[in-house]
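Visitor: Below you'll find the structure I mean.
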Amino acid sequence: MLTVLIETRNDEEGLARSLASLVGAAVEGVVRDVIVCDRGSTDQTHYVAEHAGCHFIAGGGIAAAIRQAKGEWLLLLEPGARLSEGWVDSVVAHTARLTMPGRFSRARGNRTPFLSRAFSRPTALAEGLVITKRQATALSSSATSAEAIARGLATRRLDGEIFVAPRRSS
């Protein structure tokens, strides 16, 4: 039903945290496969992905990852983002009745203060993205990254919550 796509670059620790939050959904059969699309990591990201049973694509780009997805729906996540308990039910309910993309709500303990929100620009994938494979395929023809696919999309707010990935210093 659902393929999870995570785009990485030197994100071994963040990837491990994100994958841990997906285990229950994989056991339930909701997550069909996980594809890690790597953008030139020099750390152990590929080992984390391979040991977790993910399909690892090095340098193929997000369009290649979308083409290989087995699920009708895709869940795009930033490495380090963790989904809260109960996220599966909200995704299953959303995909059963709607075809528009959806985003998770930030977990209560993970919400940033007002002034921080006012003066910073969150990434388009900060709250994840649930989108049909067909829609993602169409968007990937002009997008070079998962972030570009998620940017500017009208979405519905899902009941499930997400702990956003910590900001990395450049």
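The values are calculated or read from the model by the stated rules, or taken from the named source; none is laboratory data. What you are looking at is a predicted structure, and each value in this text was computed from that prediction instead of being measured. Virtual Cβ from ideal backbone geometry, glycine too; neighbours counted across all protein chains shown.
Visitor: Quick check: anything in the stretch 136-146 farther than 16 Å from S18 by Cα, modelled with pLDDT of 95 or more, under 15 Å from the mean Cα position of the chain (by Cα) and buried (at least 20 other Cβ atoms within 10 Å of the Cβ)?
Guide: yes
Visitor: Quick check on my filter: what residues within the stretch 128-160 are within 17 Å of T99 (Cα to Cα), without any contact (Cβ under 8 Å) to a residue 60 or more places away in the chain and of a type in the set (S, T, Y)?
Guide: Answer for the stretch 128-160, where residues must be within 17 Å of T99 (Cα to Cα), without any contact (Cβ under 8 Å) to a residue 60 or more places away in the chain and of a type in the set (S, T, Y): just T155.
Visitor: Restricting attention to the stretch 120-135, report how many residues are modelled with pLDDT under 95 and on the phi > 0 side of the Ramachandran plot.
Guide: Of the residues in the stretch 120-135, 0 are modelled with pLDDT under 95 and on the phi > 0 side of the Ramachandran plot.
Visitor: Now, a different point. Give me a count of the residues in the stretch 1-13 that are more than 24 Å from R134 (Cβ to Cβ) and either surrounded by 16 or more Cβ atoms within 10 Å (Cβ to Cβ) or of a type outside the set (D, E) (or both). Explain how you work it out, then say what you get.
Guide: Going residue by residue through the stretch 1-13, those that are more than 24 Å from R134 (Cβ to Cβ) are 8-13.
Those still in the list that are either surrounded by 16 or more Cβ atoms within 10 Å (Cβ to Cβ) or of a type outside the set (D, E) (or both) too: 8-12.
Counting residues in the stretch 1-13 that are more than 24 Å from R134 (Cβ to Cβ) and either surrounded by 16 or more Cβ atoms within 10 Å (Cβ to Cβ) or of a type outside the set (D, E) (or both) gives 5.
Visitor: Moving to a separate point now. Give the number of residues within the stretch 18-38 that are touching a residue at least 12 places away in the same chain (Cβ under 8 Å) and either assigned to a strand (DSSP E or B) or surrounded by fewer than 17 Cβ atoms within 10 Å (Cβ to Cβ) (or both). Steps first, please.
Guide: Quick first cut of the stretch 18-38, residues touching a residue at least 12 places away in the same chain (Cβ under 8 Å) only: 18-22, 24-25, 28-38.
Cutting the leftovers down to either assigned to a strand (DSSP E or B) or surrounded by fewer than 17 Cβ atoms within 10 Å (Cβ to Cβ) (or both) gives us 20, 24, 28-29, 31-38.
Final tally of qualifying residues: 12.
Visitor: Is it the case that D38 is under 18 Å from A165 (Cα atoms) and not small (G, A, S)?
Guide: Details: under 18 Å from A165 (Cα atoms): yes; not small (G, A, S): yes.
Yes, satisfied.
Visitor: From A16, A20, A26, which residue is closer than 21 Å to T132 by Cβ and either over 16 Å from the mean Cα position of the chain (by Cα) or small (G, A, S) (or both)?
Guide: Details: A16 fails: closer than 21 Å to T132 by Cβ; A20 fails: closer than 21 Å to T132 by Cβ.
Answer to the check: A26.
Visitor: Determine if the stretch 89-99 includes at least one residue that is within 13 Å of the chain's Cα centre (by Cα), at pLDDT below 95 and over 15 Å from T3 (Cα atoms).
Guide: The answer is no; no qualifying residue exists.
Visitor: If you scan the stretch 16-40, which residues turn out to be closer than 16 Å to S145 by Cβ and touching a Cys at 6+ places or on another chain (Cβ under 9 Å)? Give the steps one after another, and end with the answer.
Guide: So the first thing to find is which residues in the stretch 16-40 are closer than 16 Å to S145 by Cβ, and the list is 35-40.
Selection gives I35, V36.
Visitor: Restricting to the stretch 64-87, name every residue that is assigned to a helix (DSSP H, G or I) and surrounded by fewer than 19 Cβ atoms within 10 Å (Cβ to Cβ).
Guide: A64, R67, Q68
Visitor: Follow-up. Can you tell me which of (1) surrounded by fewer than 20 Cβ atoms within 10 Å (Cβ to Cβ); (2) among the β-branched types (V, I, T); (3) in contact with a Leu (Cβ under 7 Å, 6 or more places away or on another chain) is the one T42 doesn't meet?
Guide: Unmet condition: (3).
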